[in-house]
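The values are calculated or read from the model by the stated rules, or taken from the named source; none is laboratory data. Quantities reported herein were computed from a predicted structural model and do not represent experimental measurements. Note that we place each Cβ from the backbone using ideal geometry, even for glycine, and neighbour counts take in every protein chain shown. The accessibility values were calculated without ligands, DNA or RNA, using every heavy atom of the protein model including side chains. Shrake-Rupley method; radii C 1.70, N 1.55, O 1.52, S 1.80 Å.
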Amino acid sequence: PEPINNDELALETAKPKLKRPPLYRVLLLNDDYTTMEFVIEVLQSIFHHSEEKAAQIMMHVHQRGAGVCGIYTREIAETKVEQVLQYSQQNQHPLQCTMEPDS
Ligand code: TYC
């Protein structure tokens, strides 16, 4: 049998790199103080939802305690979370936002 060195083995067994980055869900959390209007504004301005979709997501969060605003790669998700927290603080709302791996 032909001798085979480690480089040849690596080439034969290397998988083509199909780049599909891990995705993260950005979640909005309910609270008793943030106005529904402000949450809808956040969902429209930061997550680019229509007014109708924004109202639907807001009501889901209001009724269930949390809800998904969008699904993004890690750095985009981190930036969305920061933007929500900064904008909420600026406007004296306690609105909370977090991210989690998308399964
Ligand atoms: N519960 C808030 C109210 O009744 C509305 C609200 C919805 C707050 C969603 C936060 O993520 C939130 N004014």
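For segment 36-46, name all the residues that are within 12 Å of the ligand (Cβ to nearest atom) and open to solvent by less than 60 Å² (accessible area, probe 1.4 Å).
Passing the criteria: 38, 39, 40, 42, 43.
Residues of segment 18-76 being charged (D, E, K, R), assigned to a helix (DSSP H, G or I) and within 20 Å of residue 92 (Cα to Cα), which ones?
37, 41
Which of (1) over 12 Å from residue 26 (Cβ atoms); (2) away from the ligand (no atom under 14 Å from the Cβ); (3) in contact with a Phe, Trp or Tyr (Cβ under 6 Å, 6 or more places away or on another chain) is the odd one out, the single condition residue 90 does not satisfy?
Of everything listed in (1) over 12 Å from residue 26 (Cβ atoms); (2) away from the ligand (no atom under 14 Å from the Cβ); (3) in contact with a Phe, Trp or Tyr (Cβ under 6 Å, 6 or more places away or on another chain), residue 90 misses just condition (3).
Out of everything in segment 47-69 that is surrounded by 19 or more Cβ atoms within 10 Å (Cβ to Cβ) and touching a residue at least 40 places away in the same chain (Cβ under 8 Å), what residue ends up being nearest to the ligand (Cβ to nearest atom)?
67
Tally the residues that are open to solvent by less than 70 Å² (accessible area, probe 1.4 Å), part of a helix (DSSP H, G or I) and either within 20 Å of residue 37 (Cβ to Cβ) or among the polar types (S, T, N, Q) (or both), restricting the search to segment 81-103.
4
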